[in-house]
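To keep things clear, I will list the structure first and then write my remarks on it.
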Amino acid sequence: MAIKKLKLVPDSFPDIEMIGISTDLSDHRLAYFINKETILQLERLDDLPIFSEKLKVMRNFCLYSWSDNDRRIDHFLIKNDHPGGKMIEQYSQANYFLLTKGVLNGDGNKTMQSILRKIVSVTFVFVPDINKIKELDGILHDLEIHVMSQSSKIKQV
């Protein structure tokens, strides 16, 4: 009898939005400019460990986070680059992804795109098709575990 693997499809994450960002800026400079131009207050967290199903290796990616507790929206700036390869290979033109988890009102994502386009040294801003990102389920799973472990570290201190 064949073994069936339960796999979540990105459609099961209706509250996820992504923006791809292509820039030569370092992660802390990009986070600074995003914080300066928006209401976000991104803060650096420990690197996000992502397990690559394809290569069977764990890689760490730079991560910034900010939670809007009033609107129940979480924002994550994740670097797509690693010396061993990209986090999401099919969008290799993106150096970073701004991932939003929660329901945005109206044109929130389009407004964020136009703000990002105005940042000096940002060369390209686009919306990836999350339905075509095979790794999305694993990335979101690893992100959720990592954020929970970060918040438990803060509570212990």
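All of the numbers you see were taken from the coordinates with simple rules; none came from a lab. These numbers come from a predicted model, not from an experiment. All Cβ positions, glycine included, derive from the backbone under ideal geometry; neighbour counts span all protein chains shown.
Only one of (1) surrounded by 13 or more Cβ atoms within 10 Å (Cβ to Cβ); (2) in contact (Cβ under 8 Å) with a residue 12 or more places away in the chain; (3) within 16 Å of the chain's Cα centre (by Cα); (4) not in a strand (DSSP E or B) is not met by ASN35, so which one is it?
(2)
Out of all the residues in the stretch 134-156, is one or more touching a residue at least 12 places away in the same chain (Cβ under 8 Å), surrounded by 15 or more Cβ atoms within 10 Å (Cβ to Cβ) and in a strand (DSSP E or B)?
no
With respect to ASN109, is the statement that it is out of contact with any His (no Cβ under 9 Å at 6 or more places or on another chain), part of a helix (DSSP H, G or I), of a type outside the set (Asp, Glu) and surrounded by fewer than 20 Cβ atoms within 10 Å (Cβ to Cβ) true?
Numbers: out of contact with any His (no Cβ under 9 Å at 6 or more places or on another chain): yes; part of a helix (DSSP H, G or I): yes; of a type outside the set (Asp, Glu): yes; surrounded by fewer than 20 Cβ atoms within 10 Å (Cβ to Cβ): yes.
Taking the combined requirement at face value, the residue satisfies it.
Within the stretch 83-92, is even one residue aromatic (Phe, Trp, Tyr), surrounded by 15 or more Cβ atoms within 10 Å (Cβ to Cβ) and in contact with a helix residue (DSSP H, G or I) (Cβ under 9 Å, 6 or more places away or on another chain)?
Of the residues in the stretch 83-92, the ones aromatic (Phe, Trp, Tyr) are 91.
Narrowing further to those that are surrounded by 15 or more Cβ atoms within 10 Å (Cβ to Cβ): 91.
Imposing the further condition that a residue be in contact with a helix residue (DSSP H, G or I) (Cβ under 9 Å, 6 or more places away or on another chain) reduces the set to none.
Within the stretch 83-92, not a single residue is aromatic (Phe, Trp, Tyr), surrounded by 15 or more Cβ atoms within 10 Å (Cβ to Cβ) and in contact with a helix residue (DSSP H, G or I) (Cβ under 9 Å, 6 or more places away or on another chain).
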